[in-house]
Amino acid sequence: MSASNTRFAAVLGAANFLVCAAVGTVLLLVNGSEGQTVQSVSATDSVSPGTTTSYESSTPAAGVYPSTPAAVGESYETVTAPAGFSTVVPRGWLSEPKNPGSFQANDPVDESHYVRYGASEANGDLVKTHVDAEKSAATRLTGLHRVRMDRTDVRGSEAVDWEFTWESSTEGTRHVRAIYWRTGGTEYFVYVSALDSAWGPMPELLTTMVDRSRP
């Protein structure tokens with residue numbers, strides 16, 4: 001990877017939340033490429049006082065996550081978390097514990113740009129858990145707007161692809177996308193975020209982190 005691409009992939013940033021539980025949803029089954037299944041949430045619910053958000057997904061992610069991860073190139077390094085979890089982060093980004101079971105890797109040039117990854121005990125329905133987490137986040141993150149909340153899979157395990165934007169008072173619009181998946185009673189996740197104006201390379205970085213993750 002060239003220096004410019006590495007720096008592009010380094011434009012990452014943040015939203016600070018994981019999982020809680022339970023609200024009703026309606027799921028629409030859609031077939032993805034190469035046998036991947038995506039189910040898009042299509043219910044309408046209130047995510048903050050006085051604000052109603054349509055829970056219709058955008059065009060779902062098409063990435064298929066292979067059973068054998070690609071080799072880690074020189075631009076990335078492998079990192080680990082509890083429950084046998086591993087993924088990759090841009091080389092030179094220092095990973096530190098954030099919340100129980102999760103880690104944060106910061107851009108050494110600008111610490112407002114980072115990625116997170118980790119594992120926790122799986123509880124409740126996967127989609128309901130993250131719909132409820134979204135409602136909680138909407139009370140803390142100004143102008144939270146869902147882009148997608150899709151039920152998908154990672155290497156045959158149930159997963160959710162959650163993408164949203166929110167309004168930072170100091171930075172402007174931030175853009176976040178995360179993949180959460182469950183296997184063996186554990187939920188794993190990776191996510192990336194950046195200023196909306198610099199979002200271009202972020203989906204590819206997220207796919208790289210999931211492609212090269214275990215389990």
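The table below lists the values:
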item: Test: residue in the range 124-144 that is over 18 Å from Arg212 (Cα atoms) and part of a strand (DSSP E or B); result: no
item: Residue count for the range 179-215, restricted to those that are surrounded by fewer than 23 Cβ atoms within 10 Å (Cβ to Cβ), of a type in the set (A, V, I, L, M) and part of a strand (DSSP E or B); result: 1
item: Failed criterion for Ala105 (all others in (1) without any contact (Cβ under 8 Å) to a residue 60 or more places away in the chain; (2) open to solvent by 60 Å² or more (accessible area, probe 1.4 Å); (3) assigned to a strand (DSSP E or B) hold); result: (2)
item: Verdict on Pro97 being touching a Phe, Trp or Tyr at 6+ places or on another chain (Cβ under 9 Å), closer than 18 Å to Ala198 by Cβ and surrounded by fewer than 19 Cβ atoms within 10 Å (Cβ to Cβ); result: no
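The values are calculated or read from the model by the stated rules, or taken from the named source; none is laboratory data. These numbers come from a predicted model, not from an experiment. Note that we place each Cβ from the backbone using ideal geometry, even for glycine, and neighbour counts take in every protein chain shown. Quick note on the areas: whole protein, heavy atoms, side chains included, nothing else; ligands and nucleic acids left out. Shrake-Rupley method; radii C 1.70, N 1.55, O 1.52, S 1.80 Å.
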